Amino acid sequence: MIRVVLPYHLRTLAQIKNEVEIQLEGPVTQGAILDALESTYPMLRGTIRDHVTKQRRPFIRFFACGEDLSLESSNTLLPDPVVMGVEPFRIVGAMSGG
Amino acid sequence: MSKVRVLVGTHKGAFILTSDANRKQWNVSGPHFAGWDIYHMNGSPANPNRLYASQSTGWFGQVIQRSDDGGQTWTPVGNKFAYEGDPGTHLWYDGTQHPWEFKRVWRLEPSLTDPDTVYAGVEDAALFRSTDGGQTWNELPGLREAKGHLWQPGAGGMCLHTIIQDPSDAQRIFVAISAAGAFRTDDGGKTWRPINQGLISPQELPGESPEVGHCVHNLAMHPSRPGVLFMQKHWDVMRSDNAGDSWHEVSGNLPSDFGFPIAVHAHEPNTIYVVPIKSDSEHFPPDGKLRVYRSRTGGDEWEALTNGLPQSDCYVNILRSALAVDSLDSCGIYFGTTGGQVYASADSGDSWMPIASNLPAVFSVEVQTLP
């Protein structure tokens, strides 16, 4: 079971109160998590990554286990604590503005 | 008794203001989609409880929301706006060609007859249509073939902000694009042509007036007279009596002919409204006085409407989609400001009152007159 934490506005959009729990079969990667998330919550399509290119939106970041994983390939395996559900995979709205 | 529902899109959410036909007591609902930019919210003429809202932020992109109960509850629908085929390029600020990139939806215009059909005007400028209540969107690519490679964004972005359907001819639609101009289709959106003859923009477009590139801020039309169009251009208020084939200036005695919105009275096709702004360098009313100007002669002769509006120290702006009218017997006029006020007049503009005073900056105002 994978735990995913969404930013406030996306929790509101998807009507999610807390963490999302996702079951994955196969390699646990950013891409697999986002595929599963968007399948369960189709209103999130296009809000985290581009519909077509699947590129991360510029002001979205991915964190887990205290590491910024935003620049990792979507196919990179995530750390074991995420795979085991000990640590959540965090989708964050980047701090920007002024 | 009839009711009025005012749909207000702001920098931090949507608000819905309702009143009975007296338009004295107002109920404010919201914020809906708190914290998001709501560029536009609009209702279906065929089913007034069907509303569409354009919700976006720089972080999370574009969302389209739909309501089937007049805005009490909302459902996110489709937000995939993919240009048709290879979208090619348009002119960039530095004169080079630049790829078309979808940024956001500026305007949602439901069909006059079908609640499930709705048009979306987007940035980078293009027109999309949904025929399934907003679930899926398809571009009408013929518009960008109207010299799209020569369109160049202005300071506010290259947005398609105005969509007007001709109630007498389902095949005819007018659109306007910031810094590109006005365009018309006569075949339901397959082909388009620029309708900018007579527009003169010497400061932005020196030399011989080009076919595209004019900074049209807003268009308005009265449904009983679809061949007559009014335009607030970057500078100049313009009028066309032949569906945009040619334009002539009707700025007349306005204190400034710069501005953003323009609207037509619901029952008097020759009565029009603008809100003069000092200049493109100073986006606030001349002399710090918030004045709506009304012409009862279809332009040229204008009178200031000031009763109830601040006449000193007022430095707000009124954006292009933030002026609208209701269709009650005594026509109501409404506008929102970047200072978060929404003003209403129940007597065609003779007197005004704030119906909301401390909202986030207002992007858009639409009005529904309900039975």
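The values are calculated or read from the model by the stated rules, or taken from the named source; none is laboratory data. No experiment lies behind these values; they were computed from the predicted model shown. Neighbour counts run over all protein chains shown; Cβ positions are idealised from the backbone, glycine included.
So the values come out like this:
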item: Checklist (1) assigned to a strand (DSSP E or B); (2) under 23 Å from B:Val77 (Cα atoms) applied to A:Leu37, failing item; result: (1)
item: Members of segment A:58-75 found to be surrounded by 13 or more Cβ atoms within 10 Å (Cβ to Cβ), away from chain B (no Cβ under 14 Å) and at negative phi, listed by number; result: A:Phe63, A:Ala64, A:Leu69, A:Glu72, A:Ser74
item: Identity of the residue in segment B:271-297, under 19 Å from the mean Cα position of the chain (by Cα), more than 12 Å from B:Pro255 (Cα to Cα) and not acidic (Asp, Glu), that ends up surrounded by the fewest Cβ atoms within 10 Å (Cβ to Cβ); result: B:His283
item: Residues within segment B:121-130 that are more than 14 Å from chain A (Cβ to nearest Cβ) and part of a strand (DSSP E or B), tallied; result: 6
item: Filter result for the condition that a residue is over 26 Å from B:Tyr83 (Cα atoms) and under 13 Å from the mean Cα position of the chain (by Cα), over A:Arg57, A:Arg49, A:Arg90, A:Arg45; result: A:Arg90
item: Verdict on B:Gly156 being in contact with an Asp or Glu (Cβ under 7 Å, 6 or more places away or on another chain), surrounded by fewer than 20 Cβ atoms within 10 Å (Cβ to Cβ), in a loop (DSSP other than H, G, I, E, B) and in contact (Cβ under 8 Å) with a residue 12 or more places away in the chain; result: no
item: Restricting segment A:7-33 to residues that are out of contact with any Phe, Trp or Tyr (no Cβ under 9 Å at 6 or more places or on another chain) and within 14 Å of chain B (Cβ to nearest Cβ), the residue that is surrounded by the most Cβ atoms within 10 Å (Cβ to Cβ); result: A:Arg11
item: Residue in segment A:40-55 that is free of Cβ contacts under 8 Å to residues at least 24 places away in the same chain, more than 10 Å from chain B (Cβ to nearest Cβ), farther than 27 Å from B:Gln62 by Cβ and surrounded by fewer than 19 Cβ atoms within 10 Å (Cβ to Cβ) present; result: no
item: Qualifying residue in segment A:3-25 (condition: farther than 30 Å from B:Trp74 by Cα, out of contact with any strand residue (DSSP E or B) (no Cβ under 9 Å at 6 or more places or on another chain) and modelled with pLDDT under 95); result: yes
item: Subset of segment A:53-98 (residues that are aromatic (Phe, Trp, Tyr) and not in a strand (DSSP E or B)); result: A:Phe59
item: Filtered residues of segment A:1-21 (kept if assigned to a loop (DSSP other than H, G, I, E, B), closer than 16 Å to A:Gly85 by Cα and touching a residue at least 40 places away in the same chain (Cβ under 8 Å)); result: A:Met1, A:Leu6, A:Glu19
item: Hits in segment B:34-73 - residues which are within 11 Å of chain A (Cβ to nearest Cβ) and either in contact with a Lys or Arg (Cβ under 9 Å, 6 or more places away or on another chain) or surrounded by fewer than 20 Cβ atoms within 10 Å (Cβ to Cβ) (or both); result: B:Ala34, B:Gly35, B:Trp36, B:Ser56, B:Thr57, B:Gly58, B:Trp59, B:Phe60, B:Gly61, B:Gln62
item: The lone exception for B:Asn79 - which of (1) within 13 Å of chain A (Cβ to nearest Cβ); (2) closer than 14 Å to B:Arg107 by Cα; (3) buried (at least 23 other Cβ atoms within 10 Å of the Cβ); (4) within 20 Å of the chain's Cα centre (by Cα) it fails; result: (4)
item: Close pairs from segment B:86-99: first loosely packed, with under 14 Cβ neighbours inside 10 Å, partner acidic (Asp, Glu), Cβ under 9 Å, at least 6 apart; result: B:Pro99/B:Asp124
item: B:Gly308 being within 22 Å of B:Trp36 (Cα to Cα) and surrounded by fewer than 20 Cβ atoms within 10 Å (Cβ to Cβ); result: no
item: Checklist (1) surrounded by fewer than 16 Cβ atoms within 10 Å (Cβ to Cβ); (2) closer than 21 Å to B:Ala180 by Cβ; (3) of a type outside the set (A, V, I, L, M) applied to B:Asn218, failing item; result: (1)
item: Scope segment B:347-371; condition farther than 20 Å from B:Ser295 by Cβ and of a type in the set (Gly, Ala, Ser); matching residues; result: B:Ala356, B:Ser357, B:Ala361, B:Ser364
item: Residue under evaluation B:Arg144, criteria (1) more than 28 Å from A:Arg61 (Cβ to Cβ); (2) within 12 Å of chain A (Cβ to nearest Cβ); (3) of a type in the set (Lys, Arg), criterion not met; result: (2)
item: Failed item, numbered, when A:Leu24 is tested on (1) in a helix (DSSP H, G or I); (2) touching a helix residue (DSSP H, G or I) at 6+ places or on another chain (Cβ under 6 Å); result: (1)
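Residue by residue, here is whether (1) at pLDDT 95 or above; (2) buried (at least 19 other Cβ atoms within 10 Å of the Cβ); (3) of a type in the set (Ser, Thr, Tyr); (4) within 15 Å of the chain's Cα centre (by Cα) holds:
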position	(1), (2), (3), (4)
B:Thr162	yes, yes, yes, yes
B:Asp169	yes, no, no, no
B:Glu204	no, no, no, no
B:Leu229	yes, yes, no, yes
